[in-house]
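*Asks:* Quick one: structure below, then a few questions.
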Amino acid sequence: ITLNIANGNKLGVNLSYLGMFAYNTIDGGVTATLGAMDLTAQNLTVTATDDSTIHAEALGLGVALSGSAVGNTVTVGVITQTAVNFETSWVQAIVQDSTLAVTQTTSVVATKNQSLEADSEAIQIAASAAAKNAVSVQGVYTNIANNPDRREQQTDPAPTGTDLPSGASAKVLRSQVTSGDISVVARATPKYKTSILQVQGNVALEIGRAHV
């Protein structure tokens, strides 16, 4: 919030600026692994899910006023806003180095279902009052964005060492699987929402002087 008031005799000048930056990120990851197993089962499910939520919000109120009883006035009010969500997390569901005998259904599922919200609200008011010339200028600049990672992997090879995965990946690696039905599914379905509200007011009033 900014409130600037200027008063001048011959010249009143008021420059008001308000800048805001809101940034959120989701990184790291979730992994579900079945490894080095010799297993017999009726049904088998390996599931990894990320349904986290992030919200970036930038709120701004700027008021700039200037006046001169005998001269001129200039008022400038500016608001700049940035609200950004950035997501680079990973979700893995993996079966590896195993022998599985499943009589009915085998499911390996990785799901990314995050919610990203970015909001920007700004109110900017600029006003000038002068006996001679009154100038009033105001403006609002908004940059708002959601950047989800939608990549999906259902193929080899699996990342190793420092080569971290990204997006959603579901894999069966170096394994023997006997199953009535098998599904290996990776889903990256982020939900994201943005909203912008701007209210701008601008007044320039030349009062003048009475002569008798």
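*Asks:* Restricting to the stretch 182-193, and then to whatever is hydroxyl-bearing (Ser, Thr, Tyr) and assigned to a strand (DSSP E or B), can you tell me which residue is most open to solvent (accessible area, probe 1.4 Å)? Step through it out loud before you land on a result.
*Replies:* Here is the first cut: in the stretch 182-193, the ones hydroxyl-bearing (Ser, Thr, Tyr) are 183, 189, 192.
The next check asks that each one be assigned to a strand (DSSP E or B); those that pass are 183, 192.
Values: Ser183: 41, Tyr192: 121 Å².
Among residues in the stretch 182-193 that are hydroxyl-bearing (Ser, Thr, Tyr) and assigned to a strand (DSSP E or B), the one most open to solvent (accessible area, probe 1.4 Å) is Tyr192.
*Asks:* For the stretch 165-176: of the residues being within 29 Å of the chain's Cα centre (by Cα) and closer than 20 Å to Asp97 by Cα, which is modelled with the lowest pLDDT? Full working, then the answer.
*Replies:* Within the stretch 165-176, the first condition is being within 29 Å of the chain's Cα centre (by Cα), and the residues that meet it are 165-170.
Now narrow it down to the ones that are closer than 20 Å to Asp97 by Cα: 165, 169-170.
Details: Pro165: 62, Ser169: 91, Ala170: 93.
Taking the candidates together, the pick is Pro165.
*Asks:* Something else now. Report, by residue number, each residue of the stretch 46-76 that is open to solvent by less than 60 Å² (accessible area, probe 1.4 Å) and among the polar types (S, T, N, Q).
*Replies:* Scanning the stretch 46-76 gives Ser52, Ser66, Ser68, Asn72, Thr73, Thr75.
*Asks:* On the basis of being more than 19 Å from Val46 (Cβ to Cβ), in a strand (DSSP E or B), open to solvent by less than 60 Å² (accessible area, probe 1.4 Å) and modelled with pLDDT of 90 or more, does Ser179 make the cut?
*Replies:* No: the conditions fail for Ser179.
*Asks:* Anything in the stretch 62-94 that is closer than 25 Å to Asn146 by Cβ, of a type in the set (Ser, Thr, Tyr) and either out of contact with any Leu (no Cβ under 9 Å at 6 or more places or on another chain) or free of Cβ contacts under 8 Å to residues at least 24 places away in the same chain (or both)? List them, or say none.
*Replies:* Passing the criteria: Thr82, Thr88, Ser89.
*Asks:* Take the stretch 79-97 and flag every residue that is over 13 Å from Ala186 (Cβ atoms), crowded, with 20+ Cβ neighbours inside 10 Å and not hydrophobic (A, V, I, L, M, F, W, C). Working first, answer last.
*Replies:* Initial filter on the stretch 79-97 (over 13 Å from Ala186 (Cβ atoms)): 79-89, 95-97.
Filter once more, so that each one left must be crowded, with 20+ Cβ neighbours inside 10 Å: 79, 81, 83, 85, 87, 89, 95.
Gln81, Asn85, Glu87, Ser89, listed by residue number.
*Asks:* Within the stretch 100-121, how many residues are modelled with pLDDT under 95, open to solvent by less than 20 Å² (accessible area, probe 1.4 Å) and either in contact with a Leu (Cβ under 9 Å, 6 or more places away or on another chain) or of a type in the set (Val, Ile, Thr) (or both)?
*Replies:* Residues meeting the conditions: 2.
*Asks:* Then there is this: Could you look through the stretch 1-31, keep only residues that are outside any strand (DSSP E or B) and within 30 Å of Gln114 (Cβ to Cβ), and pick out the one that is least open to solvent (accessible area, probe 1.4 Å)?
*Replies:* So the first thing to find is which residues in the stretch 1-31 are outside any strand (DSSP E or B), and the list is 1, 9-10, 27-28.
From what is left, the residues that are within 30 Å of Gln114 (Cβ to Cβ) are 27-28.
Working: Asp27: 105, Gly28: 37 Å².
Filtering first and then ranking leaves Gly28.
*Asks:* Oh, and also: Can you report the number of residues in the stretch 17-34 which are more than 27 Å from the chain's Cα centre (by Cα) and either over 22 Å from Ser52 (Cα atoms) or of a type in the set (D, E, K, R) (or both)?
*Replies:* 1
*Asks:* So, one more: Could you tell me whether Met37 is more than 20 Å from Tyr141 (Cα to Cα) and hydrophobic (A, V, I, L, M, F, W, C)? So that I can check it myself, show each step before the final result.
*Replies:* Values: more than 20 Å from Tyr141 (Cα to Cα): yes; hydrophobic (A, V, I, L, M, F, W, C): yes.
Yes.
The values are calculated or read from the model by the stated rules, or taken from the named source; none is laboratory data. Quick caveat: nothing in here was measured; it's all calculated off a predicted structure. In this analysis, Cβ positions are derived from the backbone assuming ideal geometry, glycine residues included, and neighbour counts consider all displayed protein chains. Surface accessibility is based on the protein's heavy atoms, side chains included, excluding ligands, DNA and RNA. Shrake-Rupley method; radii C 1.70, N 1.55, O 1.52, S 1.80 Å.
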